[in-house]
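These notes concern the structure reproduced below.
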Amino acid sequence: QVQLAESGGGTVQTGGSLRLSCAASGGTISNYTMGWFRQAPGQAREFVTSADWIGNVWSNSAKGRFTISRDDAKASVYLQMNSLKPEDTAIYYCAASEVGVPTDFRSYAYWGQGTQVTVSS
């Protein structure tokens, strides 16, 4: 069973950048689709981006500003976020999926505890 732990969140001004990291333990991530989701206060969990082990990538409206990458040898996944906006403020979650739709949170069985990202205006 994979355990996930995010890091790298914080407070940044509008237009700034952050790089989130997700470290997996307890197993390899080589056979998982790895995804990033976010949840703002009072809102539903939202898909951000995901990448499978073949190299397929899926992204939401943040495409072009956010980039996912993975290093399977290090069992790690990253989310590079550029040109951040106040509406990007949320808790960001890393998740792992074995099967299912890569953009649907219901496909992800393993989740990290989340890391807070706050973008000030």
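Between the listed residues SER107, SER30, GLY42, the Cα displaced farthest toward the positive end of the dipole of the chain, a dipole computed from Cβ unit charges relative to the Cα centre, is found at GLY42. Sequence-distant contacts, meaning Cα pairs under 8 Å at least 6 residues apart, place the relative contact order of the chain at 35 percent.
Counting protein heavy atoms only, region 1-112 has 49 percent of its accessible area on carbon and sulfur, 1.4 angstrom probe.
Hey, could you grab the Kirkwood Rh for region 1-75? Inverse mean 1/r over distinct alpha carbon pairs, Å, one decimal.
On the way: mean 1/r = 0.0728 Å⁻¹.
Taking every pair of different Cα atoms in region 1-75, averaging 1/r and inverting gives 13.7 Å.
The label-point distance for LYS74 and ASP104, in a model that sets each label 7 Å from Cα toward Cβ, rounds to 3.3 nm. For region 1-38, the residues whose amide N sits under 11 Å from a probe point set 7 Å from the Cα of ARG45 along the beta carbon direction are 36-38.
When the Cα positions of GLN3, SER121, SER21 are compared along the charge dipole of the chain, SER121 comes out farthest toward the positive end, with charges on each C-beta of Lys, Arg, Asp and Glu.
Lys and Arg at +1, Asp and Glu at -1: add these up for the other residues within a Cβ distance under 15 Å of TRP111 and post the number.
That works out to -1.
On a per residue basis, the chain carries 50 Å² of accessible surface, using protein heavy atoms and a 1.4 Å probe. Using Cβ point charges alone (K and R +1, D and E -1), the dipole size of the chain about the Cα centre works out to roughly 200 debye.
The values are calculated or read from the model by the stated rules, or taken from the named source; none is laboratory data. Bear in mind that the values here come from a model prediction, so they are computed numbers and not experimental data. Virtual Cβ from ideal backbone geometry, glycine too; neighbours counted across all protein chains shown. Side chains included, ligands, DNA and RNA excluded: accessible areas come from the protein's heavy atoms. Shrake-Rupley method; radii C 1.70, N 1.55, O 1.52, S 1.80 Å.
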